[in-house]
Each structure stands twice: as structure tokens, then as C-alpha cells.
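Written out below as C-alpha cells is the structure these notes cover.
The values are calculated or read from the model by the stated rules, or taken from the named source; none is laboratory data. Treat the numbers as computed from the prediction; the structure is a model and nothing was measured. Cβ placement follows ideal geometry from the backbone for every residue including glycine, while neighbour counts extend to all protein chains displayed. Side chains included, ligands, DNA and RNA excluded: accessible areas come from the protein's heavy atoms. Shrake-Rupley method; radii C 1.70, N 1.55, O 1.52, S 1.80 Å.
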Amino acid sequence: MMGVYEMQKEEILKQYFGYTTFLEGQEKLIDNILSGRDVIGIMPTGAGKSLCYQAPALMLEGITLVVSPLISLMKDQVQALVANGVPAAYINSTLTYKQTIKVIQNAKNGRYKIIYAAPERLDIAEFLEFAQNEHLAMVTVDEAHCISQWGQNFRPSYLKINSFIEKLPQRPVISAFTATATSEVKEDIIKILKLKTPFVMATGFNRENLYFEVQKPIDKYSAVIKYLANNADKSGIIYCSTRKTVEQVCDNLTRDHYSVTRYHAGLSEEERTKNQDDFLYDRKTIMVATNAFGMGIDKSNVSFVLHYNMPKNIESYYQEAGRAGRDGTPAECILLYGGQDVITNQFLISITNENNDLDPEILEQVKEKDRERLKQMTCYCHSLDCLRAYILNYFGDRAANFCGNCSNCHTNFEEIDITEAAQKIISCVFRLGERYGIKMVIDTLRGSKAEKVLKFDLDQIKTYGLMAQMKEKRVREIVNYLVLNEYLALTNSEFPVVKLTPKARDMLLNGENLTMKIAKEDKREIKPAKPKAAVNNDLFNVLRELRYSLAQEKKVPAFVIFSDATLMDMCSKMPANDLEFLEVSGVGKMKLKEYGKEFLEAINNFT
Ligand code: ADP
Ligand code: ZN
């Protein structure tokens, strides 16, 4: 570690992390930390927050203590640091007493620059004593939103961080990082951690490398298969809303010979750990899971996140979808929407906290908020405007309404007149006595001979078969449009019934004209904003194989060796010697030493 204090941050960046330029926000955060000022970094997942405290930790005299809520992650984070030549360790409940003593002993001997610990640890007398006798240069609070009751994952033990800091003989510089912060959360972080006029860096929520798409397939499983056929060996997550769906999708994919595993809260702890590792270590390419999976998942080479069901709000969606493309390479986030998803979520909201004794008035407010959030999520699925802009606006970021990298920006729309169709649908709902669900309305209009339709004599009513000429998909689109625009309403029950609203009656009375935007068959031609560097796929696969076998051998997750972004850069730079290998983004001194020979050989053999 000699000479680190004299190194410039650019040298640290290259030597330890293998990068030549800082990402947005990193440099300012690092400079402020080094000048002794407290900082808050509010940056989306994948923005490179870790480096903002890891780089200065190497340059400050003393130890940096990183408080992190995610015990399961600490090991990976530390492994990744050590692989880069950064002396680091973690202390948490997964260590035995003996191991903990050992780490503390090593720390006293100056062996580490960075120590990770869970917030609960700060309360333990031995740990406090250790901290008081060492020189702590910085305390970093990771996932800092956990400190706020307004945040999504409030952790009461975070409230104790400040009293721990106050017991130290010398106040260290404090840095806090999060990917989710409303102004309430931000104020809480500043207040509760007692930050001193902190430097605040908020880079906005946009994730340029993510492509967003909404599909409304009749058969979701076929849509998954179709997607996988074009993305065969890429690593990805498929989120489902229930354990049962996870089981089904996973079983079907296994049957269809995909490399797949599963994760949900109903599995034993043992199986969950094993399946998670299979995915992290690239032994399995696809993870099918409920939202129980992924909190803090640090796998950098997730190429797609498919949602088999629509989540309950945009916050959850963006968090889950955002697990794709953490290393900055292009990745896809595709939501498979079905009307049933809305119903399921409505039902879930209606039963929230049923057994909890929350004040009924407050409970109703909470539910009202949840319903509003669900509505916004549903609108996302039906929106015909830029999907990225929709999300960014939701989070209060300003965004242009064309991103060129989402399914709506790629679609040609045309405006069609739906006045007549709407009149037919509305009058059908009326004649059905507002007693049936969407499916029955559509079946009746299309003159279906389905058993249910005949059983209730719906073929006798006046609107039966009125829309037999129109495709079912189109009729459904128009019905959805009418629901979204509140001409029709669905009851809040397990089997929602279609009702008419006053707006529908007005429309019939006033002969109002209605138009709707629909997608044309042909795709819009989009010139990619940045032409993608052509990457030699065969070489990429060779390098991935090599990474896989090295990961197995060293028992570390594949991304601890190199990220996909680094492998791609190798493919385009084709280094032939050590010096050229060091030019690759993500290759520092340590990685060169550890893996240079093998990767250079593989590249050389390939050419
Ligand atoms: P966050 O914690 O903000 O979600 P990470 O710290 O996990 O993000 O970083 C995301 C990815 O970006 C990692 O693969 C990391 O190595 C990479 N990264 C960080 N800083 C840089 C940089 N300056 N240049 C290129 N890649 C970087
Ligand atoms: Zn767009």
C-alpha cells in the first residue's frame, strides 16, 4: 500500500479499478470527500456509487467503515475489492466469533483500508471499542434511504449510526449513498446522520443503456419463449407476481431445456441460497423469481429483465427492471401486460394489512395511495408515448418525450376513429345490464358461440355479433381505451364487472367523436444514437467461457473476475500484450497480474 496517499485519484481509478474516466458525478463526490466535506450521492443503480467511496478510502489516511444493510452482499463486495487489490474485509453475523476476532486483529495491524459492517454491529461494545482505538477516516452509509421512515426499506438500526459516530474520538467524514431519494428522504438522511453542510450530488434517474418495452401478448409463455429464442445464452431475470407462477414458468422452461432456476420466499433458505448462487456464478442463465429476489443483487451482467406480471407500482418496476445492465452495456426491460394483472393487484391492495390494527382512517389513506400508484403503473402499460419519459417524469426528472430506445419510440402510430366501435361497446354493456366482465362483453360483441355466452342467452340480445368483423385484439384495445378514459369502469372485485360511467351516457347523447392512437405494423426506423461497436460474438463467448471456468476454480461470482462490459472492451481492443491489456476498461494492475496471461492467450489463440 506504499505511496497510495500520494497517488492522484486518476491513478487510483486506473490502477485499482481499471478505468480511465469517471462516470457522471463520481469526480465531484470524490473531491469533496477528500477535502473533508460530508457528501450525499443520489444516483441510480449502476451509476457507480461504490467507487465514489472506495477510491477516496484508498487515499485517506485511516480506515473507511462502510455501513451496509445487505449482509448477503458484503462477501461479494469484499471479494470484488480484494480481486482489485484493495485490502478490505467484512464483519457480520455470518462470521464465527473466532473469524470476527481475526478480522479485528488484522484491522488493528493496519491490514485493511475498507471494512463493511451491518448497522446492528455498531451497537456491540467490542466493535465500538475497536472503532474508538482505530483511526476511522470515513464512515460511509450505503443504501442510506433505509434511515428514513419515508423510504421503501426502513431499518431502525440505521438510526443508531449517528450516536456511534458521536462516540468516536474524532469525527470522520461522512458519505451517504442511495438510489432512491425523494426530498423527504434526503432531508431525513441529512438530519438523522447530522451531516454538516453536505455536498449533494443527484444525477437523475435515467439509465441510458436500458431499453423499455411493453407487450400485451395473448399467451405470455409464448412471448417469453419467443424472446429467449433471440437471446439464447444471455443472463436474465423473469419476475412473476406469485410463487405459483414462478413454479409454473420455471417448470415449463426446464421442460423446454433452458438453463433456469427459481427463487421465492416459499423455498427453504438452503435452496434459495443455492439457486441465487447458481445464477450469480453463471451456472444457470435464467432466474425466475418473485420480487423477493434481487434486493441488492450486484450481478453486473444481467442482460434482460422480463416481467411476466405487471408490478404494483412504478417504484417496484423501476427497481426490478433496473437490475438489468448494471455494467452499462445495453440491456432490455420488457413488461408482459395482461388485464388480469390489474385485478390481482387491486385484490392485493384490498387485503393489505387486513390483520393489522392500523387506524382504519390511515389504512384507507394508505390504500388510496396504493390504488393511485397502481393506476399510474397501469397507465404506463397503456401509454403510447415514450416509456422512459413516463418513468422519469414519474420520479420528477424532466425528460424529452422521445428517447429512441423504447418500444413506443420505435413504433409508428396512426390515429383511427373509434366513435362507432365505442357506441357499439357501450350499448352492449348497457344491454348486458352491466352484469358481466370484459371477456363476456367482447365475446358477445364478436358473436362468440362459447358455452357461457349461449348459456346466458346472450346471443339473443341486440348487440350480439355486432363487431364480428373486427379482430378480438382490436376490440380489446378499444375496450381498454374506454376504461382508461373513464367511459367504462370496472368494479373493485375479484371478478370485475364492466359498468357505464356518466361520461359514456354523455357520449351517446351528444354524439361525441372519439379517436385513438394505434400501432401500425411497420416499425419506425430509428438511427441508433451511438452506433454500437461491433463486437465479435465468437470471441466474446470464448472469453465468457474462460471467465466461467476461472470463477468456478476460484469460487467467486463471474462478475468479480470481469464484467461483461470489460469482456466486450477486450473484444474490440484485442490486446496483444500486458500494456495493451491494461488499456481495457475494467482492467487494473491486480487483474492484469491475476488474469492477464490467460485472457491474452485466449485472444491470441482466437486470431
Ligand atoms: P451502483 O452501486 O451505483 O449501483 P456500482 O458501484 O455497482 O453501481 O457500479 C456499477 C458498474 O459500473 C460496476 O460494474 C462498476 O465497476 C462500473 N463502474 C464504476 N465506475 C466506473 C467508471 N468510472 N468507468 C467505468 N465503469 C465504472
Ligand atoms: Zn422512448
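What residue, of R283, R262, is more than 23 Å from R373 (Cα to Cα) and assigned to a strand (DSSP E or B)?
Only one candidate qualifies: R262.
Mind checking which helices (runs of 4 or more DSSP H) fall wholly inside the range 358-475 and carry at least 1 residues that are within 16 Å of ligand 2 (Cβ to nearest atom)? Quick ask: steps written out before the conclusion?
On the way: elements: 360-382, 387-394, 419-431, 438-445, 451-455.
Those helices (runs of 4 or more DSSP H) span 360-382, 387-394.
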* Asked: Out of all the residues in the range 229-255, which are at pLDDT 95 or above and open to solvent by less than 60 Å² (accessible area, probe 1.4 Å)?
  -> G236, I237, I238, Y239, C240, T245, V246, E247, V249, C250, N252, L253
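I'd like to check something: does the range 124-139 contain any residue that is in a loop (DSSP other than H, G, I, E, B) and either among the small types (G, A, S) or under 20 Å from D76 (Cβ atoms) (or both)? Can you show your working first?
Filtering the range 124-139 for residues in a loop (DSSP other than H, G, I, E, B) gives 124, 134-135.
Those still in the list that are either among the small types (G, A, S) or under 20 Å from D76 (Cβ atoms) (or both) too: none.
Checked against the condition, which is being in a loop (DSSP other than H, G, I, E, B) and either among the small types (G, A, S) or under 20 Å from D76 (Cβ atoms) (or both), the range 124-139 yields no hits at all.
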* Structure fact -> Checking S93, S35 in turn, the sole residue that is open to solvent by 30 Å² or more (accessible area, probe 1.4 Å) and touching a helix residue (DSSP H, G or I) at 6+ places or on another chain (Cβ under 8 Å) turns out to be S93
* Structure fact -> Condition set in contact with a Leu (Cβ under 7 Å, 6 or more places away or on another chain) and aromatic (F, W, Y), scope the range 536-583, selection most open to solvent (accessible area, probe 1.4 Å): answer is F540
* Those residues that are among the hydrophobic types (A, V, I, L, M, F, W, C), more than 34 Å from the chain's Cα centre (by Cα) and open to solvent by 20 Å² or more (accessible area, probe 1.4 Å), I need them from the range 403-439; list them, please. => I416, F430
* Can you tell which of S350, S383 is under 26 Å from F205 (Cα atoms) and away from ligand 1 (no atom under 16 Å from the Cβ)? -> S383
* Is the range 326-335 home to any residue that is charged (D, E, K, R), within 20 Å of the chain's Cα centre (by Cα), away from ligand 2 (no atom under 16 Å from the Cβ) and over 23 Å from L484 (Cα atoms)? -> yes
* Structure fact -> The condition of being of a type in the set (V, I, T) and either in contact with an Asp or Glu (Cβ under 8 Å, 6 or more places away or on another chain) or open to solvent by 20 Å² or more (accessible area, probe 1.4 Å) (or both) holds, among I362, I391, only for I362
* To do: List every residue pair whose Cβ atoms sit under 7 Å apart, with the two residues 6 or more apart in sequence or on different chains, where the first one lies in the range 401-423 and is without any contact (Cβ under 8 Å) to a residue 24 or more places away in the chain and more than 12 Å from V214 (Cα to Cα) and the second, anywhere, is away from ligand 1 (no atom under 16 Å from the Cβ) and among the small types (G, A, S).
  => N401/A389; C403/A389
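Given the criterion modelled with pLDDT of 95 or more, aliphatic (A, V, I, L, M) and open to solvent by less than 30 Å² (accessible area, probe 1.4 Å), identify the matching residue among V302, V260.
Numbers: V302 fails: modelled with pLDDT of 95 or more.
Only one candidate passes the filter, namely V260.
Working only within the range 143-163, note down all residues that are crowded, with 21+ Cβ neighbours inside 10 Å and touching a helix residue (DSSP H, G or I) at 6+ places or on another chain (Cβ under 7 Å).
Filtering the range 143-163 for residues crowded, with 21+ Cβ neighbours inside 10 Å gives 143-148, 151, 158, 161.
Once the filter is applied, which keeps residues that are crowded, with 21+ Cβ neighbours inside 10 Å and touching a helix residue (DSSP H, G or I) at 6+ places or on another chain (Cβ under 7 Å), the range 143-163 yields A144, H145, C146, I147, S148, G151, Y158, I161.
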* Structure fact -> Scanning the range 100-123 residue by residue, those among the hydroxyl-bearing types (S, T, Y) and not in a loop (DSSP other than H, G, I, E, B) turn out to be T100, Y116
* Can you spot a residue in the range 99-112 that is at pLDDT 95 or above, under 30 Å from T182 (Cβ atoms) and in the same structural domain as R37 (by TED's automatic domain parsing)? -> no
